[in-house]
1. Got at least one residue in segment 347-354 being over 30 Å from ILE195 (Cβ atoms) and loosely packed, with under 12 Cβ neighbours inside 10 Å?
2. Select, from ASN142, ASN107, the only residue that is without any contact (Cβ under 8 Å) to a residue 12 or more places away in the chain and either part of a loop (DSSP other than H, G, I, E, B) or among the charged types (D, E, K, R) (or both).
3. Determine, yes or no, whether LYS56 is open to solvent by 50 Å² or more (accessible area, probe 1.4 Å), more than 14 Å from ligand 2 (Cβ to nearest atom) and farther than 21 Å from ASP313 by Cβ.
4. Conditions first: (1) assigned to a strand (DSSP E or B); (2) of a type in the set (Val, Ile, Thr); (3) within 11 Å of ligand 1 (Cβ to nearest atom); (4) over 23 Å from ASN249 (Cα atoms). ILE195 passes all but one, so which condition is the exception?
5. Among the residues of segment 25-40, are any under 20 Å from the mean Cα position of the chain (by Cα), assigned to a helix (DSSP H, G or I) and surrounded by fewer than 17 Cβ atoms within 10 Å (Cβ to Cβ)?
6. When the residues of segment 198-215 are filtered to those that are in contact (Cβ under 8 Å) with a residue 40 or more places away in the chain and in a loop (DSSP other than H, G, I, E, B), which remaining residue is farthest from ligand 3 (Cβ to nearest atom)?
7. Picking from PHE232, PHE257, which residue would you name as being within 23 Å of THR185 (Cα to Cα), buried (at least 19 other Cβ atoms within 10 Å of the Cβ) and among the hydrophobic types (A, V, I, L, M, F, W, C)?
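The values are calculated or read from the model by the stated rules, or taken from the named source; none is laboratory data. Only a predicted model underlies this, so the values are computations on that prediction, with no experimental measurement involved. Cβ placement follows ideal geometry from the backbone for every residue including glycine, while neighbour counts extend to all protein chains displayed. The protein model used for the area step is the full one, side chains on, heavy atoms only, and it has no ligands, DNA or RNA in it. Shrake-Rupley method; radii C 1.70, N 1.55, O 1.52, S 1.80 Å.
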Amino acid sequence: MKIVVLKFGGTSVGTVERIKKVANIIISYIKKRYKVIVVSSAMSGVTNDLAKKSKKISNNFIASEYDVLVSSGEQMSCALIAGRLNHLGYKAQSWMGWQVPIFTEGNHSSSRISQINKKKINKFLQSGGIPIITGFQGINLNNRITTLGRGGSDASAIMCAKFFKAQKCIIYTDVDGVYTSDPNTLKKAKKIKVISYEEMLEMASLGAKVMQPASLQDARLNRIDIDVKSSFTNKEGTLITKKKNIYSNKNIRGVSFTKNDAKVTLVGVKDKPGVAASVFKPFYQNYINVDMVVQTSSGNKEETDITFTIKSDDLLKTLKFIKQNKKIKYRDLIVNKNVSKVSIVGVGMITTPGVTYRMFQTLANKGINILVIATSEIKISVLIGKKFVKKAISALHKEFKLDN
Ligand code: ADP
Ligand code: ASP
Ligand code: MG
């Protein structure tokens, strides 16, 4: 069987008119004699809306019920797609995660797909049917609904491609590929033709929402090539694949940025073993993800400052845990809600000297102050004031020759 997995994101199925277009895209693959497995996200805005409702019910909404709630948007979009295909004379059927079933492991709201039962879907494909599978959801060993983290339909599609041995996995979204930076923020961003899993994973983890980071780990591990395309135009998209298949003369492939970060500084904590661990333990226990961390070396060897960043959504919880923490003492607590992380990404920086200097100098030339720095082999991130983000990404885009 020549199988293709087509994944449609929220905007692509955002209205009834768009769902009609999606049905036509699906049919175009059927006409090319592919067996098509469709994975769909919820209509745009629906998952956000459900998440907001849970917060209004309780600020401690139980995780297992949260997954039942937020996964429900996908049921609606899949039924609408199947309904449209039926209307056009095609045999199609919607499948919830539990009906396939798609098995997951890990915590609620951040589960990972471990196994997909192929029997029923294969039988349906062989009978000429088009299965429309809900993205973002599965079940755990207790038969409860789980979700795969925000943006998790990408992971559903990639794992379907793996288990059904698809020839292609195509992610249909609202932009026509992966760009050097978010094309909706930086108009001069350029489409990237081919990008490695590693670079795409860094870009996504650092804010390029076009692919879910966890889904890229699944793709890399299983060597699934991904095409990212627009469901609105018929242009060629971006291929995400292994490094070996790629030649690029650019040191830096992209500039990513985050939108909702907060910075917290504990001033004057004791400079002795175990203090940092005591600060961060409650965050770990309560699933608060800490991102950048800096501890300044103390002048007097008695006190030090610890600075870290978190998602703004977690700020209130974080401050509550700091204030409740009897194990730590500090002189002052400073919070900055208006910060963003800007990063440059590219495997080329490993072999190119001076990239760090050029990044810092470019920001300095624009009068942008760097608050925190973090680096890895293929990325450099800086934390800056939120209001400078556009200026910073535009200047870095130019400095690293991504404009042309
Ligand atoms: P979908 O609903 O199809 O999953 P998403 O909203 O999750 O779509 O992702 C698509 C969005 O990702 C685009 O609208 C774009 O604004 C954003 N984006 C951020 N960085 C990039 C990038 N480097 N290239 C392309 N899109 C990006
Ligand atoms: N609907 C889910 C979300 O908004 C999954 C997805 O879009 O991939 O996060
Ligand atoms: Mg998405």
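1. Taking segment 347-354 and keeping what is over 30 Å from ILE195 (Cβ atoms), we get none.
No.
2. Values: ASN107 fails: without any contact (Cβ under 8 Å) to a residue 12 or more places away in the chain.
Only one candidate qualifies: ASN142.
3. Details: open to solvent by 50 Å² or more (accessible area, probe 1.4 Å): yes; more than 14 Å from ligand 2 (Cβ to nearest atom): yes; farther than 21 Å from ASP313 by Cβ: no.
So LYS56 does not fit the description; no.
4. The one condition ILE195 does not meet is (4).
5. No, every residue in segment 25-40 fails to be under 20 Å from the mean Cα position of the chain (by Cα), assigned to a helix (DSSP H, G or I) and surrounded by fewer than 17 Cβ atoms within 10 Å (Cβ to Cβ).
6. Only one residue tops the list, namely LEU206.
7. Details: PHE232 fails: buried (at least 19 other Cβ atoms within 10 Å of the Cβ).
Just one listed residue meets the conditions, PHE257.
Per-residue answers, yes or no, for (1) out of contact with any helix residue (DSSP H, G or I) (no Cβ under 9 Å at 6 or more places or on another chain); (2) at positive phi; (3) near ligand 1 (Cβ under 9 Å from one of its atoms); (4) hydrophobic (A, V, I, L, M, F, W, C):
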site	(1), (2), (3), (4)
ASN143	no, yes, no, no
THR146	no, no, no, no
GLY152	no, no, no, no
MET159	no, no, no, yes
PHE164	no, no, no, yes
ILE170	no, no, no, yes
